[in-house]
Amino acid sequence: MKLLKTKVWHWRDIWLLKWCAFLFGIAAGAYFHQCVIKYAWVIIIVALLFALRPAAAYWKD
C-alpha cells in the first residue's frame, strides 16, 4: 500500500472533506471551549499564517 500517492480529487470529495473539518471543528470547539478561548488570538493568527501560502499560490497565476 502506497501511503503518499497522487490522487485527483472530485470537487464533491473536497467539498465533503471541508464540511467535515468545519463541523468537527465546531464540535471540538463547543466541547473544549474553556481551553480554546484562552488561545483564540493565537489560533486566529496561526490560521491566517497558514492561509497565506494557498492564497498567494491562487492569486499568483
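Check each of the trypsin sites (Lys or Arg not before Pro) in segment 7-37 and keep only those in coil by DSSP with at most 11 other C-beta atoms within 10 angstrom; list them in order. Here the sparse-neighbourhood loop sites are K7.
Per residue, the accessible area of segment 11-60 comes to 100 Å² when a 1.4 Å probe rolls over the protein heavy atoms.
Accessible surface of segment 11-60, 1.4 Å probe: 79 percent of it comes from carbon and sulfur atoms. Which residue, A21, A30, A51, tops the fluctuation ranking in a GNM of the chain built on C-alpha contacts under 10 Å? Fluctuation is largest for A51. Close lysine pairs were tallied over the chain: pairs 8 or more places apart or on different chains with Cα atoms under 25 Å apart number 5. Computed from the Kirkwood radius of its Cα pairs, the Stokes-Einstein diffusion coefficient for segment 1-48 at 37 °C and 0.692 mPa s stands at 248 µm²/s. Looking at the chain, the chymotrypsin sites (Phe, Trp or Tyr not before Pro) that sit in a DSSP loop and have at most 15 other Cβ atoms within 10 Å of their own Cβ are W9, F32, Y39.
The values are calculated or read from the model by the stated rules, or taken from the named source; none is laboratory data. All of these numbers come straight from a predicted model, not from anything done at the bench. Note: ideal-geometry Cβ built from the backbone for every residue, glycine included; neighbour counts use all protein chains shown. To get the accessible areas, we keep the full protein, side chains included, count just its heavy atoms, and leave off ligands, DNA and RNA. Shrake-Rupley method; radii C 1.70, N 1.55, O 1.52, S 1.80 Å.
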